[in-house]
Amino acid sequence: MAMKNLLKEDDIKKALDQFKAVDSFDHKKFFDVVGLKALSAENVKLVFKALDVDASGFIEEEELKFVLKGFSADGRDLTDNETKAFLTAADKDGDGKIGIDGERTSALKGAVPLKMIKYCALFFFFKENKLSRITKKYDLIHN
């Protein structure tokens, strides 16, 4: 999925232009300017998947270096210093990569704690599972 389907093209250009200079990248400011903070958690996951080039479920340091190109082919490569600083800020569990299942939704959105997403998912899983068991019991009793 192209970023232009999730984010405004003008916002992407504005964000890329703002951080065009070498060693100027600030991921929090970039994601704010590009409009990522306004996206739903589901759309943030879609952005994450688009940036996860090898579809491993993680954004590794090598992918992170080219993260701006994930927003537009005109994006520049991050310097080693920028890449390491971004990785340090976003890698919540210290494994050297950024996962969508980190403490926050991949540090991309920075506003929705993943624990909240997990609790909601667990709630709906158990709710669905319980409904399934109730339905099966109902079928057994009434058939």
In Hz, Karplus ³J(HN,Hα) per residue of the range 44-56 (6.51, -1.76, 1.60; θ = phi - 60°; x = Gly, Pro): 4, 5, 5, 4, 4, 4, 5, 7, 7, 4, 8, 6, 7
Sites Gln18 and Lys84 - FRET efficiency at Förster radius 22 Å, r taken between beta-carbons, to 0.05: 0.60
Segment Ser72-Lys37, length gained on full extension (0.36 nm per residue, minus Cα span): 10.8 nm
Solvent accessible area, Å² - Lys45, 1.4 Å probe, full protein context: 70
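The values are calculated or read from the model by the stated rules, or taken from the named source; none is laboratory data. All of these numbers come straight from a predicted model, not from anything done at the bench. When we count neighbours, we look across all protein chains shown, and the Cβ atoms used for this are built from the backbone with ideal geometry, even at glycine. SASA here: full protein model, heavy atoms, side chains in, ligands and nucleic acids out. Shrake-Rupley method; radii C 1.70, N 1.55, O 1.52, S 1.80 Å.
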